[in-house]
Amino acid sequence: MITVENLSKSFTQNGSRVTALDNVSLDVPDGAVCGVVGTSGAGKSTLARCISLLEKPDSGSIRVDGTDLVGLDGSRLRAARRRIGVVPQGDSLLRQRTAAGNVALPLESAKVPAAQRRSRVAELLDLVGLSDKASVYPDHLSGGQRQRVAVARALAAKPSVLLADEPTSALDPATTDSVLTVLDRARSELGVTVLVVTHDMAVVRRIADDVAVLEEGSVVEHGKVLDLVSEPGSRISSTLLPETDQAEPLRPNDRSHDVVAEVVLVGFAAVGALLPEASSRFGVELSILGGGLTRLGDTPVAKFRVGLSGERSESALKWMIERDAHVRRAPVSVDGVAA
Amino acid sequence: MSEVTPWSEVLELARPATVQTIYMVLVSTLIGVVGGLPLGVWLHMTSPVGLSPRPVLHRIISAVVDVVRSIPFVVLLVVVASFTRILVGKAIGSTATIVPLAIAAIPFFARLAANALREVNSTVVEAAVTTGASKMRIVRTVLLSEARAALVGAVGVTMLALIGYAAMAGAIGGGGLGSMAIQNGYYAYDDRVLYSAVVLLGVLAWGMQLLTDWVTKLVDRRRALANV
Ligand SMILES: Nc1ncnc2c1ncn2[C@@H]1O[C@H](COP(=O)(O)OP(=O)(O)OP(=O)(O)O)[C@@H](O)[C@H]1O
Ligand SMILES: [Mg+2]
């Protein structure tokens, strides 16, 4: 569990002050994967570095499993660091050590005896699928393999929290997938809470339960991905869900339909059955005018623009809303005529 | 032409002179590394990019190192002569020359070592910091370990500089190939002795460079293939 409250951090850069984080609050529940997204310079790395205890915030608190980590010193700081596994942005492996040697590093810091260290390293390399690369040096590993070693190293000392800063930047889609699979396994098999910083929405789409959008040092959106996608106008929704023909504005009706609406459906049951069931139950003719189906993690999510024709169109919509469909109706224009 | 020293005599001069030069260079390099490495680590740690930035202290250490480093060796030789006499009982000969050589070697190597440590990728160092490792551990397992190739290279550069310094010391009774070249060669108008000493100095420098390259390759694991 990570709780960040009112975190602020600014830097002095050749005389002028740069506010990297401005009153940022964020929490990631136990065992969840939270994606932090934002454009370059938004403050993502600064946030990750503050939580990694590499950067001292100007104000605010950072708690991991309830313990405040800001202002710790000496051995207590080092002990706190062991509870937070970090995959830094960029190349972070020791080039003079093998994959196994790199994974062993945190275990040496924690003074784990050699025999235990070896078995733990083997476990972790197995978790990231690199058992056969144990004695290979980083220069002979691919970018994706290096990142997986970095993840294994971050997990070595059994932290409760894993922070990964751009773990997939500069990787191709297939390699990205292998790294994300590893992060996902860390959560599901080890139960760690994961915070992953990325500018790549595909990362959020694939593994995030929660998401926070940073913009110029502030959190502009934060919540569960599946909640945010159904919020009309949210950035998450507009980037993650299929387009429903932007060129044509949503209109209350047109010649061929009594009602036109945008419907967001979350989950197998809703995506599979809600529309046909509404159609048959209320005897309305329902046509899909745009949109499509996507998948967020394991959950299918659909966003359609639908046109309904029939006397009970309104009731059908209402029924869908009662069944957790997120429906955005077009505002009714004054004369009730299609524009 | 009857004045020309026979090769057997040249050899008789060259053998102890070479041994003396090697002895001076190796011992002073050793002292230079033993003293200069911690100094170099200290320089790096206190620098703005180090793990314990201490700007004022850093500037002081830095100034001391650079001032000693910039004293011309001949001057240093003379300046420390009385100190040498106290330490080894005399101011001439190869053992006495080790004192100024070592004093020159320590800051020389310290600066090279600090530069080598600065080249270690800061992300790698930070990754180690986040594991909760102590600073001492990071110095050993990350900084010194990752910079090992550059550090061995720095030892080589120090050795080469000391061969030159040791030869210079020969001019004022330092012993070794320098003395052979200047005392027995140049002042005695004996070109054969002079150039033999010069060639031997060159061969020595070349050999030490080869040795450095070989050790560098040995310790640098970056491009090593899996040692299954
Ligand atoms: N050590 C530093 N000194 C001065 N300014 C800094 C420092 N670290 C970050 N900044 C500034 O803070 C702002 C946020 O930087 P940050 O690295 O957190 O962005 P980011 O979202 O991670 O960007 P990217 O996607 O490019 O990695 C930037 O304006 C940057 O210039
Ligand atoms: Mg960044």
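FYI, it's all coordinate maths here, none of it is from the lab. What you are looking at is a predicted structure, and each value in this text was computed from that prediction instead of being measured. Quick reminder, even Gly has a Cβ in these numbers, built from the backbone with ideal geometry, and neighbours come from all protein chains shown.
Counting only residues that are more than 11 Å from chain B (Cβ to nearest Cβ), touching a residue at least 12 places away in the same chain (Cβ under 8 Å) and among the acidic types (Asp, Glu), how many does the range A:47-98 have?
Result for the range A:47-98: 2.
Test of understanding: among A:Ala122, A:Ala170, which residue is at positive phi and surrounded by fewer than 19 Cβ atoms within 10 Å (Cβ to Cβ)?
One residue alone meets the criteria, A:Ala170.
Would it be correct to say that A:Ala150 is away from ligand 2 (no atom under 16 Å from the Cβ) and in a helix (DSSP H, G or I)?
So A:Ala150 fails the test.
Looking only at the range B:183-228, how many residues end up being away from every other protein chain (no Cβ under 14 Å), among the β-branched types (Val, Ile, Thr) and either touching a strand residue (DSSP E or B) at 6+ places or on another chain (Cβ under 7 Å) or within 30 Å of A:Ser92 (Cβ to Cβ) (or both)?
Looking only at that region, the number is 2.
Among (1) of a type outside the set (Phe, Trp, Tyr); (2) within 12 Å of ligand 1 (Cβ to nearest atom); (3) without any contact (Cβ under 8 Å) to a residue 40 or more places away in the chain; (4) within 22 Å of A:Arg81 (Cβ to Cβ), where does A:Arg17 come up short?
Answer for A:Arg17: the failing condition is (4).
Those residues that are among the hydrophobic types (A, V, I, L, M, F, W, C) and touching a helix residue (DSSP H, G or I) at 6+ places or on another chain (Cβ under 7 Å), I need them from the range A:171-194; list them, please.
A:Leu171, A:Val179, A:Leu180, A:Val182, A:Leu183, A:Ala186, A:Leu190, A:Val192, A:Val194 - these are the residues of the range A:171-194 that are among the hydrophobic types (A, V, I, L, M, F, W, C) and touching a helix residue (DSSP H, G or I) at 6+ places or on another chain (Cβ under 7 Å).
So which residues in the range B:120-147 are basic (Lys, Arg) and free of Cβ contacts under 8 Å to residues at least 12 places away in the same chain?
Hits for the range B:120-147 are B:Arg137, B:Arg140.
Assess whether B:Val152 counts as being buried (at least 18 other Cβ atoms within 10 Å of the Cβ), within 14 Å of another protein chain (Cβ to nearest Cβ) and either not in a helix (DSSP H, G or I) or not aromatic (Phe, Trp, Tyr) (or both).
So B:Val152 passes the test.
So A:Ser10 passes all but one of these: (1) exposed (fewer than 15 other Cβ atoms within 10 Å of the Cβ); (2) more than 9 Å from every other protein chain (Cβ to nearest Cβ); (3) among the small types (Gly, Ala, Ser). Which condition number does it fail?
Against the list (1) exposed (fewer than 15 other Cβ atoms within 10 Å of the Cβ); (2) more than 9 Å from every other protein chain (Cβ to nearest Cβ); (3) among the small types (Gly, Ala, Ser), A:Ser10 comes up short only on (1).
Determine, yes or no, whether A:Ser45 is out of contact with any helix residue (DSSP H, G or I) (no Cβ under 6 Å at 6 or more places or on another chain) and within 16 Å of ligand 2 (Cβ to nearest atom).
yes
Within the range A:102-129, can you find the residues that are hydrophobic (A, V, I, L, M, F, W, C), within 17 Å of A:Val149 (Cβ to Cβ) and touching a residue at least 40 places away in the same chain (Cβ under 8 Å)?
A:Val103, A:Ala104, A:Leu105, A:Leu107, A:Leu127, A:Val128
Report, by residue number, each residue of the range B:170-223 that is surrounded by fewer than 16 Cβ atoms within 10 Å (Cβ to Cβ) and not in a helix (DSSP H, G or I).
Residues satisfying the conditions are B:Tyr187, B:Ala188, B:Tyr189, B:Arg222, B:Arg223.
So is A:Ser178 farther than 26 Å from A:Thr299 by Cβ, away from chain B (no Cβ under 14 Å) and among the polar types (S, T, N, Q) or not?
It is false that A:Ser178 is farther than 26 Å from A:Thr299 by Cβ, away from chain B (no Cβ under 14 Å) and among the polar types (S, T, N, Q).
Among helices (runs of 4 or more DSSP H) lying entirely in the range B:46-133, which contain 1 or more residues that are within 14 Å of chain A (Cβ to nearest Cβ) and crowded, with 16+ Cβ neighbours inside 10 Å?
B:94-118, B:122-130
Inside the range A:198-235, can you point out the residues that are among the polar types (S, T, N, Q) and within 16 Å of ligand 1 (Cβ to nearest atom)?
The answer is A:Thr198, A:Ser218.
Being part of a loop (DSSP other than H, G, I, E, B), closer than 17 Å to A:Val161 by Cα and within 16 Å of ligand 1 (Cβ to nearest atom) is the filter here, so list the residues in the range A:24-54 that pass it.
A:Ser52, A:Leu53, A:Leu54
Find the residue count for the range A:55-96, including only residues that are basic (Lys, Arg) and buried (at least 22 other Cβ atoms within 10 Å of the Cβ).
1
Conditions: (1) closer than 19 Å to A:Gly144 by Cβ; (2) surrounded by fewer than 16 Cβ atoms within 10 Å (Cβ to Cβ). A:Gly191 meets all but one. Number of the miss?
Here A:Gly191 meets the rest and fails (1).
Just one of A:Pro159, A:Pro167 is of a type outside the set (S, T, N, Q), away from chain B (no Cβ under 12 Å) and assigned to a loop (DSSP other than H, G, I, E, B); which is it?
One residue alone meets the criteria, A:Pro167.
I'd like the full set of residues that are out of contact with any strand residue (DSSP E or B) (no Cβ under 7 Å at 6 or more places or on another chain), at positive phi and either within 14 Å of chain B (Cβ to nearest Cβ) or within 16 Å of ligand 2 (Cβ to nearest atom) (or both), limited to the range A:13-42.
A:Gly41
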